Amino acid sequence: MPATDYQASFLGRISIRRNQVIAMDGNHEQELQDLELFSKHVSERFAELLSSPDDVPFDALLSISWLRKLLDFFLCCEAEFKGILMMGNDPSQISKPPLDRLIPEFLDRSVKALDVCNAVTNGLESVRHYQKLAEIVVSALEQKPIGDGQSRRAKKALTSLISAMNVDDKECSAAKATERSWSFSRRGVSSKDRVPEHFRSVSNQVAKNWSAAKQIQAMTNNLVPPRGAEGSGLASPVYTMSVIMVFVMWALVAAIPCQERNGLSAIHFPAPKQLNWAQSIIGLHEKIGEEWKKKEKKGTAGLLDEMQKMEKLGNILMDFTDSFQFHGDITDQKAEEAAAHAAELAETCRRMEEGLLPLQMQIREVFHRIVKTRTELLNALDQVGKSSPPLL
């Protein structure tokens, strides 16, 4: 069943329960079933992401299509989470232990996630720049026969492409920093403050000294699994959704150029393996973390599958243009190999052209969904506070 079907069925079930008058014992039993079903959906979605075959370009780990699926799953999980927390329960529950502590922590993580969405959106502009340079290479090498002029044009674009993709995070961030730099969390937004819901863009620059790795590390603060009786209550979905949010932001930062990512692989998720959904997230974290360690040593723009293919093909075609200029002529075999690599690069550019804008729109949707849910939770807390009897 597609993720959206799961979501519609799940939310419909909660809506029906909300409108029914049933005994408290039955209500608790129904709540436990909802929690189990939510956990099952999370497990199935992330198991699907873990099983994506690396040899299928459109579904490879950290490809554009894979990231879009990840964000789609996040939105589905977030909708179900909000349904469990708010649709079928007494609103006063969120002001009682342990939610009176967990909800403010969740709201603070949400603010930090908004910063990550901004940073990743900025990073996508870099990816588009790489794509345009690669398209110049393709245009030059598609000419037949390839002459000295085409070779020089391709080499110039390749030099710019490879140089841009190997720039380290500090250099990249310094080159892009502007006077509009800002950060939600660095402006002192607490769980009691509201991020205005009317934001129309997530493309503002983050602060010059902002660190993506430190931001995500901060999101893991106080993120511990519920213990004892808390594990069978609403603390469980709050914890689950927090882990999902942290993982999604971590994966986006690993894939897409972002400011200051040193130490990204050292970030760990406190997810006990006995939880049915945790094994898939741990497996994905380990796979991505290992790839990041390999790339981090030599510097990388990110682990986005299309960028890695672009980097590999760029280096191969750079060798070809060097050979062409050095020898002044090439064999038919070398020309055919170069044409094949240029065609592969053209296909990578096509996939980026088709997928980057929808990916950016999904990040925008995630941004606004987080803002909306955060606002609704704050409103609920306000209502509970106003309805509470005054202390004598």
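The values are calculated or read from the model by the stated rules, or taken from the named source; none is laboratory data. Fair warning: this is a prediction, and the values are worked out from it, not measured in the lab. Neighbour counts are summed over all protein chains in view; Cβ atoms, including those assigned to glycine, are modelled from backbone coordinates with ideal geometry. These accessible areas exclude ligands, DNA and RNA; they are computed on the full protein's heavy atoms, side chains included. Shrake-Rupley method; radii C 1.70, N 1.55, O 1.52, S 1.80 Å.
Odds and ends about this structure:
- Environment charge of Thr240, counting only residues whose C-beta is closer than 15 Å and scoring Lys/Arg +1, Asp/Glu -1: -2
- Pairs spanning more than 25 Å between alpha-carbon atoms, out of Lys208/Lys312; Lys69/Lys112; Lys40/Lys112; Lys287/Lys312; Lys40/Lys273: Lys208/Lys312; Lys40/Lys112.
- Ordering of 209-220, 368-379 by burial proxy (mean other Cβ atoms within 10 Å per residue, highest first): 209-220, 368-379
- Using a Förster distance of 41 Å, the FRET efficiency for Glu36-Ala164 (Cβ separation, nearest 0.05): 0.25
- Note that the stretch 204-246 carries a Kirkwood radius of 12.1 Å, evaluated over its alpha carbons pair by pair.
- Expressed as a whole percent, the accessible area of the stretch 208-365 that falls on carbon and sulfur atoms is 50 (1.4 Å probe).
- Using all pairs of distinct alpha-carbon atoms, the Kirkwood hydrodynamic radius of the stretch 82-124 works out to 12.1 angstrom.
- As a ratio to 2.2 N^0.38 Å, the alpha-carbon radius of gyration computed for the stretch 206-308 takes the value 1.16.
- In order along the stretch 63-68, the phi-based Karplus estimate (6.51 cos²θ - 1.76 cosθ + 1.60, θ = phi - 60°) of 3J(HN,Hα) comes to 6, 4, 5, 5, 5, 5 Hz; Gly and Pro are listed as x.
- Per-residue packing, averaged as other Cβ atoms within 10 Å, sorts the ranges 245-252, 264-271 into the order 245-252, 264-271, beginning with the highest.
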